[in-house]
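The values are calculated or read from the model by the stated rules, or taken from the named source; none is laboratory data. Computed from a predicted structure; not experimentally measured. Reconstructed Cβ throughout: ideal geometry from the backbone, glycine too, with neighbour counts over all protein chains shown. All accessible areas refer to the heavy atoms of the entire protein, side chains included, with ligands and DNA or RNA removed. Shrake-Rupley method; radii C 1.70, N 1.55, O 1.52, S 1.80 Å.
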Amino acid sequence: MEMIPMEQYYSHFSHRHPLKISDVEEEDQVICSGCEHDLSGGSAYACTKMNCNFILHDSCFELPRQIKHKSHPKHTLTLLFFPPYDDGEFTCDACGNSGHAFTFHCEKCKFDLHVECASLPEIEERKDHQHPLTLCYSNVFFGKDKDVDLMCYVCQRGVGKSCWFYYCLACKCATHLDCVSTQEIQVSEN
């Protein structure tokens with residue numbers, strides 16, 4: 001007699017219903033409930049409840065509940081499944097963009113990071129640049145008394161003073177977080 005494997009269910013602190021591993025096809029156009037990015041093929045943790053669209057990337061399912069991050073060394077950051085603010089939105093202190101789902105949060109400082117910003121690599125390399133680019137946590141990199149205007153060498157737009165960026169120490173040039181992974185230098189249409 002052949003045994004039929006039982007379906008396994010999982011729980012996650014961010015959702016009250018059981019989850020199961022499901023296959024997601026590229027054409028499904030599903031958004032992860034944790035990071036708010038596309039799930040483009042592969043497996044994910046999906047809610048078993050009918051008409052509940054909760055779904056998580058494997059990586060979002062496995063996120064730690066607390067982290068220590070170099071950008072915020074004085075306090076531990078706690079993973080929240082919903083922003084703690086009245087409007088249900090947070091502004092990421094790394095990229096400056098808003099979010100409505102998971103955030104690594106410091107209650108004392110009202111400091112928030114998107115889950116993907118919290119895991120940015122310290123060093124990036126680009127084919128069009130001969131040196132490694134180092135992640136910098138705002139213009140604090142240059143010292144508290146410096147007020148430096150930086151231009152992204154990829155898109156030719158300014159880098160916000162409070163946003164994180166990648167910087168080449170040898171060439172003294174910067175790039176936005178979003179621009180560091182683009183393949184070609186874009187020409188500005190000014």
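General observations
- Residues in the range 90-121 that are part of a loop (DSSP other than H, G, I, E, B), within 25 Å of C152 (Cβ to Cβ), without any contact (Cβ under 8 Å) to a residue 40 or more places away in the chain and open to solvent by 20 Å² or more (accessible area, probe 1.4 Å): N97, S119, P121.
- Applying a threshold of 6 Å to beta carbon distances and a minimum spacing of six or more residues, or different chains, the list of pairs starting in the range 65-85 at a residue that is in the same structural domain as F13 (by the TED database) and ending at one that is open to solvent by 60 Å² or more (accessible area, probe 1.4 Å) and small (G, A, S) is empty.
- The range 1-31, residues that are assigned to a loop (DSSP other than H, G, I, E, B) and at pLDDT below 80: M1, E2, M3, I4, P5, M6, E7
- Candidates S14, S71, S43 - the one that is open to solvent by less than 30 Å² (accessible area, probe 1.4 Å) and over 24 Å from D178 (Cβ atoms): S14
- Residue check, G34 in contact with a Cys (Cβ under 6 Å, 6 or more places away or on another chain) and modelled with pLDDT under 95: yes
- Residues of the range 74-89 that are open to solvent by 100 Å² or more (accessible area, probe 1.4 Å) and in a loop (DSSP other than H, G, I, E, B): F81, F82, D86, D87.
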